[in-house]
């Protein structure tokens, strides 16, 4: 009787499948989570470029222009962020102007103005102040010109990250030059 039991192979495939099923489910959800995180990361990059590109097209920015840029950039994050206060991305737009007193005037400039939409993401540095120095990794400044810098941070949260790692802070910076004038003046009406 024991010998017959050893030779019986009916149901072996079902047992093997039952043993592998947890591993296969874990792999499946891992691929799905990784894909969603990568798509969100790409959206953060797109949000930074959208913010900088939109504000670079104006001759003079206003409070309303910046509010519209924040709203437009936020729509890039749909379905991760769909408006409202929860899960809002942090967006900082800064105008860096040429500083002739700098030792390296093509790779460093002074902050002319900066406006931030507060959100859940964490930017580094946490804040920028007018007349502080910004150093770029490569020459971006032209004599008497400026660079617009958009910095975006977003806390990516999914059911898996809540359990395993917590929120993932995704950041991106984008640099562009004003399209129509050398330097965009301080936004009228202040920052939103």
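Inside the stretch 146-163, can you point out the residues that are at pLDDT below 95 and out of contact with any helix residue (DSSP H, G or I) (no Cβ under 9 Å at 6 or more places or on another chain)? Talk me through it step by step, then tell me what you get.
Of the residues in the stretch 146-163, the ones at pLDDT below 95 are 154-163.
Selection gives 155, 157, 162, 163.
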Tally, over the stretch 62-78, of residues that are touching a helix residue (DSSP H, G or I) at 6+ places or on another chain (Cβ under 6 Å) and within 20 Å of residue 186 (Cβ to Cβ) = 1
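This table checks each residue for (1) in contact with a strand residue (DSSP E or B) (Cβ under 9 Å, 6 or more places away or on another chain); (2) touching a residue at least 12 places away in the same chain (Cβ under 8 Å); (3) part of a loop (DSSP other than H, G, I, E, B).
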residue: 38; (1), (2), (3): no, no, no
residue: 52; (1), (2), (3): yes, yes, no
residue: 74; (1), (2), (3): yes, yes, no
residue: 77; (1), (2), (3): yes, yes, yes
residue: 96; (1), (2), (3): yes, yes, no
residue: 103; (1), (2), (3): no, no, yes
residue: 111; (1), (2), (3): yes, yes, no
Tally, over the stretch 140-182, of residues that are part of a loop (DSSP other than H, G, I, E, B) and crowded, with 18+ Cβ neighbours inside 10 Å | 3
Look through 82, 102, 129 and report the one residue that is at pLDDT 90 or above and either more than 16 Å from the chain's Cα centre (by Cα) or more than 23 Å from residue 179 (Cβ to Cβ) (or both).
-> 129
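The values are calculated or read from the model by the stated rules, or taken from the named source; none is laboratory data. Note that the structure is a prediction, hence the values are computed from the model and not measured. Backbone-built Cβ (ideal geometry, glycine too); neighbour counts: all protein chains shown.
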